[in-house]
1. Which number in (1) touching a residue at least 40 places away in the same chain (Cβ under 8 Å); (2) assigned to a strand (DSSP E or B); (3) within 14 Å of chain B (Cβ to nearest Cβ); (4) not hydroxyl-bearing (Ser, Thr, Tyr) marks the one condition that A:Arg22 misses?
2. Considering each residue of segment A:30-54, count those that are open to solvent by 20 Å² or more (accessible area, probe 1.4 Å), out of contact with any Gly (no Cβ under 6 Å at 6 or more places or on another chain) and under 18 Å from A:Val97 (Cβ atoms), and give that number.
3. So which residues in segment A:90-114 are in a loop (DSSP other than H, G, I, E, B) and either open to solvent by 30 Å² or more (accessible area, probe 1.4 Å) or more than 9 Å from chain B (Cβ to nearest Cβ) (or both), if there are any at all?
4. If I filter segment B:1-30 down to residues being among the small types (Gly, Ala, Ser) and at negative phi, which single residue comes out as surrounded by the fewest Cβ atoms within 10 Å (Cβ to Cβ)?
5. I need the full set of residues from segment A:63-83 which are open to solvent by 30 Å² or more (accessible area, probe 1.4 Å) and farther than 12 Å from A:Gln17 by Cβ, in order please.
6. Provide a single number: the residues in segment B:48-71 that are part of a strand (DSSP E or B) and either under 22 Å from B:Ser12 (Cβ atoms) or small (Gly, Ala, Ser) (or both).
7. Of all residues being open to solvent by 60 Å² or more (accessible area, probe 1.4 Å) and within 14 Å of chain A (Cβ to nearest Cβ) in segment B:43-60, which is farthest from B:Arg92 (Cα to Cα)? Just the residue, please.
8. Hey, any hits in segment A:1-21 for a residue that's in contact with a His (Cβ under 6 Å, 6 or more places away or on another chain) and farther than 27 Å from B:Lys105 by Cβ?
Amino acid sequence: DTGVSQDPRHKITKRGQNVTFRCDPISEHNRLYWYRQTLGQGPEFLTYFQNEAQLEKSRLLSDRFSAERPKGSFSTLEIQRTEQGDSAMYLCASSLVGAVGDTQYFGPGTRLTVL
Amino acid sequence: QKEVEQNSGPLSVPEGAIASLNCTYSDRGSQSFFWYRQYSGKSPELIMFIYSNGDKEDGRFTAQLNKASQYVSLLIRDSQPSDSATYLCAVRTSGAGSYQLTFGKGTKLSVIP
C-alpha cells in the first residue's frame, strides 16, 4: 500500500518562471487536497478535488495558481510568474469519501525556493 | 476568520513524563479534530482524530475534546526522545461540502533524555 507521492521533492526557480508540481494520491482515495506551509506556520488550505471536480478554492489561490485533476487520479499544481513569496512547502493530501473521520494523509511535500 | 490556536512552545519534558499539548478553536460548528506530528523538514503525519466529546486513547496517545469550551488536547504518556517534533492541531471547519482543514501553528515538543 503506497502512500501519497509528490514530485519533485525540491524545486529551485528564478522569479518570474512557471513551475508545476505533481501529486499522486493513495490509489483508492477520491479526495485530493493541496496545502501550502511556510516556516513556523501550519499548513494552509489551497484547494481540493473530489474525483476530477475542483470543489473548493481558498482566497490564497490567486490567479497565478491553477490546479487540475483531469482523470480523477493524479493532480498538478501550477504556479505562473513565481514570486519570492511563493517560496514554501507545497503539500498534497488525500482521503477516502465515507472513511471514518475522512482523514487526510499527506505526501512528502515539494519544497519550492524562488530566487 | 476561523482560527486554531496553539502554544508554540517549545515544551520541554523529561523522558518518561506526560506531555500535554493544547489547542483552542474559534468555529463553534467544527466537527472533527485531528492531531498531526511533524518532524523538522518532513510532512505532517496523522496521530489520531476525535469528533465526540470526551477522551479517545490510542496507545501512548490520548486526545481529549470539549466542544463547549472549544478545546482539544493531546496527552503523550511515557514520552520518548523520538516524540520530539512539532504537533499540529487541525480542525475540519463547518459548512456544507467543506472538507478543508484549518491548522494551528503547532507546538514544538522536546523530550529530554
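The values are calculated or read from the model by the stated rules, or taken from the named source; none is laboratory data. Here the structure is a predicted model, which is why all the values come from computation and not from measurement. Note that each Cβ is placed from the backbone with ideal geometry, even for glycine, and that neighbours are counted across all protein chains shown. Accessible surface is based on the protein model in full, side chains and every heavy atom, while ligands, DNA and RNA are left aside. Shrake-Rupley method; radii C 1.70, N 1.55, O 1.52, S 1.80 Å.
1. Result: A:Arg22 fails condition (3) only.
2. 4
3. A:Leu96, A:Val97, A:Gly98, A:Ala99, A:Pro108
4. Among those residues, the one meeting the criterion is B:Gly29.
5. A:Asp63, A:Ser66, A:Glu68, A:Pro70, A:Lys71, A:Ser73, A:Phe74, A:Thr76
6. Qualifying residue count, segment B:48-71: 5.
7. B:Asp58
8. no
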